[in-house]
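Structure first, then comments.
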Amino acid sequence: MDVKEKVKIVISIASLVAATVLIVSQYRRRRGKQRKQTSSLSSCYLHSELKPQFGFKRVLADNSYSGFKHLKKKKLEEDVSSSSIEKPLNCHPYETEINVLLENPEIEFGFLRGEYSLEMSDSYVWVENESKLKELAETLSKENVFAVDTEQHSFRSFLGFTALIQISTHEEDFLVDTIALHDAMSILRPVFSDPRICKVFHGADNDVLWLQRDFHIYVVNMFDTAKACEVLSKPQRSLAYLLETVCGVSTNKLLQREDWRQRPLSEEMILYARTDAHYLLYIADCLATELKQLAIEDSSSPDDKFHFLLEASRRSNMTCLQLYTKEIEDFPGNAAASSLIYRHLNGYGDNSTISVDAEFQEFVRELCAWRDLMARVHDESTRYVLSDQAIVALAKKQPTTTEDIYDAIAQADLAIESSPSMSFSNQSPSEVVCSHLDDVYQMTQDKLVKLDAILPAVLQKCLGSNGTCPISIFNYSLLVNFKTKLTSHSAPKQNRDKKLKQFTRKASREIFVKKFSCKAPVYHNCRIYANDGRLLCYCDRRKLEWYLNRGLAKLVEEVPPAIMLLFEPKGRPEDEGNDFYIQTKRNICVGCGEGNHYLRYRIIPSCYRVHFPEHLKSHRSHDIVLLCVDCHEVAHAAAERYKKQIATEFGIPLFVRRVLDSKEAQGTSSSMEHESTENCEDAGVSPLHLRTAAMALLRHGNRMPSTRREELLQTVKIYYGGRDVSEEDLERALLIGLSPHERRKLERKKGVSLKHSIEASHNNGNHMINSDTDANSLMSSVEKEGVEVPAGSEKDMNAESSIVVDGTSGGDGVTELNDTQCNGNMVHQQNSKLSLLGHGPHGKQIVEYLLREYGEDGVRDLCQRWRKVFVDAVHPRHLPGGWNVSHSGRRDFGEFSVYNPTKRISAE
């Protein structure tokens, strides 16, 4: 075939593809216009479409904004007629049984009985009615071990639901139709919670949560083959890898994304479902044998024989302790909107330059909130209702007609129609958008209407007395909760004298939580593997993108995302005794398990940690945990009390006594450490008291009584070492504890000229960027999971902001100006600029003293003391696996780390 013929063929194929795309686009447009013309005349599409989940008579997790209620276990062993003893809703009903297994694991049983053939027969049991389900429960109760897998459907459901459960024993394979038997699945609950029977899963982190969500089934005594792979340091952890290497069986993992709601299932889907569970027992037996053999080879004494198998068992049963929680945002769709805006601010997914102005952001938030509400009402996933690409297209184009809205959505979806995530959709826009296109049109026209006024109107239009959408068990509570909120706002008016104070306090707390809690999940639990396949850590998506964009890693799994580094990392978590970094982390309060809101909390206060040697702090998330507001206040109050104890113990006051320039500070810091401990509690003056006194003197000093004026002057003089103070000193004192933004705000609000203090600050080169907090303030820190990421790719690991609750002074007002400086010496050399904020100088002197007298062991001992303070105050019950009071925290820096001393020196 000559070149001309090849060119003709290529041109023909290209023309055919272009024509096909054009025809499909025109067809969709005509179809959409016809649908749009009739949408206003017809009711919601759910009146004519029967979704499988609408046959459920009872659901445990509906689409409302209320939290998930876990099983209330009744204690009737001793007396059947006794009253039930209920655990708190955030407690695992089988926590006691699982803890017994963690302390005394049962590993002497075998996963197989006698001969096992890898040939899979054609026979299996399809369980679709209650009688067969009871027979299955009876059969499983007689087994010592059985394998389990599940298939989920999430595209046409808001929370998703379990569509199929595969169970395999040594003799038979069972496929349980959980759609037909949804309301009867409690029959299997005793079997799954029986600690005598081992349940074999692969990658059960999600399975255990889904079983809780749909059926209140809690897994007790589990062996997870994925955890065994971790202990064995297998190059891959996927079930497909194990099936191929251990059993010689290949599977098509794309079938996992099929629509598992359909009945009957295709032969290919049945074979895939059976395969996943059928070979698990054999795989578990092989992995257990490897674990035992590895223990024999590596053990130094016979007592260590089952060390590796015990570790795999422990990690598996730790998974059983997970509790399902509904991801409830402070405002509908807020997390999705923030993510979309962030991605386009940073140029992800679009080569064009996008001006992300306020109008664009507001429209994105409106569309995301509307999409979230529509998904809840119709029990659809948000990606089915309206894709992210469609939201961005609408926000960019700002269409003015319904035709333009339709075309913008259709064109955006046409570009991603080949994506697996859209495999169930056969039309664009979706049925939801077509039924409620007027809502989107109204949002484009009424740009001045506030978002919290739009959503109630949309909800009433859908589910009100004359609503267009059918009420179901999924959305009924959504309407009830909305009405309850309206009633609660009028309650104080009905009983003002008794409830006004309580209502105000509750409302203030809700506002505080809404403003300062994390707006999106903190932990993404993406995985980073070393080049030999060993798990290095869990991290967020942005860190994965950083490695991929620089060609330092390759993507090995998409769901959940995982990458493998293409270079040899410096150190391994297991080698350093840091198992904490290879554990998944949950987005809940580690104290009480609250999942509706949480804030980051530093166990080791920043006033100390900022001065640690680089290798003891950089990208170490062990001492950054999530706490709810209540636990946060308890922990912070305990930390403030312990700071005072440390100040007394070392004789170093919490606040500075006088102003020092940078050189003088270095020369006198050592002398301050040896001052008497008797007066360290009263030494110095808090930044808040200092600013208050300075402001009063500047504004009213000439008019106030002489005694009061002298009292305030004495407060300022204490800060300046007892010398007389000038007006310039008073103006400079106003800056202590204020950020640049707060300085400008102060100048506008108070009408006080700060030019003298600002000029002095620039002349001295001493940037006093501080932040005060009080004893009840909450510190919100930006900490990421995992290993190092160069500066600029993420916010600084040690960045911190403060939240002032009342007027009391105290706290860690520390801005970490130069904490990334590292010259490789054992003693961390901080920049000569000394921040005069809060407890910053106190923390610097404490750390320097410990390093000088005890070396790094002194710093590690200080860390352990702070962890013990945290544990004693909060009594955390949901800490990630591997978290330890005696955690070392040491790390080395690899070739690509910005904290590598040689790299930093060359950069300078």
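Since every read-out is calculated from the coordinates, none of them should be taken as a lab result. These numbers were taken from a predicted model, which means no experiment stands behind them. Cβ sites come from the backbone with ideal geometry, for glycine too, and all protein chains shown count toward neighbours.
Taking the mean number of other Cβ atoms within 10 Å as a proxy for protection, how do you rank 377-389, 117-129, 715-727 from highest to lowest?
Going by the mean number of other Cβ atoms within 10 Å, highest first, we get 377-389, 715-727, 117-129.
Show log10 I(q)/I(0) for the stretch 95-320 at q = 0.11 Å⁻¹, two decimals, from a solvent-free Debye sum over equal Cα scatterers.
Log-scaled intensity ratios, in q order: -0.53.
From the backbone phi of the stretch 280-292, what are the Karplus-calculated ³J(HN,Hα) couplings (6.51 cos²θ - 1.76 cosθ + 1.60, θ = phi - 60°) in whole Hz, Gly and Pro given as x?
Couplings: 5, 5, 5, 4, 4, 5, 5, 5, 4, 4, 5, 5, 5 Hz.
Quick one: which residues, 5+ away or cross-chain, put their amide H under 5 Å from the amide H of residue 331? H built at 1.01 Å from N.
Excluding prolines and chain starts, which carry no amide H, there are no hits.
Kindly rank 326-332, 138-144, 361-367 from highest to lowest mean number of other beta carbons found within 10 Å of each residue.
My ranking of the peptides, most packed first, is 361-367, 326-332, 138-144.
Which pairs, out of 514/543; 644/868; 543/585; 543/570, put more than 20 Å between their alpha-carbon atoms?
514/543
To the nearest 20 debye, what is the magnitude of the charge dipole of the stretch 95-320 about its Cα centre, counting +1 on the Cβ of each Lys and Arg and -1 on the Cβ of each Asp and Glu?
Roughly 460 debye, rounded to the nearest 20.
I'd like the Karplus ³J(HN,Hα) series for the stretch 634-644: coefficients 6.51, -1.76, 1.60, θ = phi - 60°, whole numbers in Hz, and an x wherever there's a Gly or Pro.
Listing the rounded values in order: 4, 5, 5, 4, 5, 5, 5, 5, 6, 4, 5 Hz.
Any idea what the dipole of the stretch 90-164 comes to, in debye rounded to 20, about its Cα centre with Lys/Arg Cβ at +1 and Asp/Glu Cβ at -1?
280 debye
Can you tell me which of 644-654, 309-319, 249-259 comes out highest on packing, and rank the rest after it, using the mean Cβ neighbours within 10 Å?
Ranked by mean Cβ neighbours within 10 Å, highest first: 309-319, 644-654, 249-259.
Would you mind checking which residues have amide H under 5 Å from residue 194's amide H? H placed 1.01 Å from N; only 5 or more apart, or other chain.
Correct list: 220.
Which ³J(HN,Hα) values, rounded to whole Hz and listed in residue order, are derived for the stretch 706-715 from phi using the Karplus coefficients 6.51, -1.76 and 1.60 in 6.51 cos²θ - 1.76 cosθ + 1.60 with θ = phi - 60°, glycine and proline given as x?
Calculated HN-Hα couplings, in order: 4, 5, 5, 4, 5, 5, 6, 4, 5, 4 Hz.
If the viscosity is 1.306 mPa s and the temperature 10 °C, what translational diffusion coefficient in µm²/s does Stokes-Einstein give for the stretch 235-275 when Rh comes from Kirkwood over Cα pairs?
142 µm²/s
List every residue whose amide H lies under 5 Å from the amide H of residue 685, counting only residues 5 or more places away in sequence or on a different chain, with H placed 1.01 Å from N in the peptide plane.
When sequence neighbours closer than 5 places are left aside, the close amide H contacts are 656.
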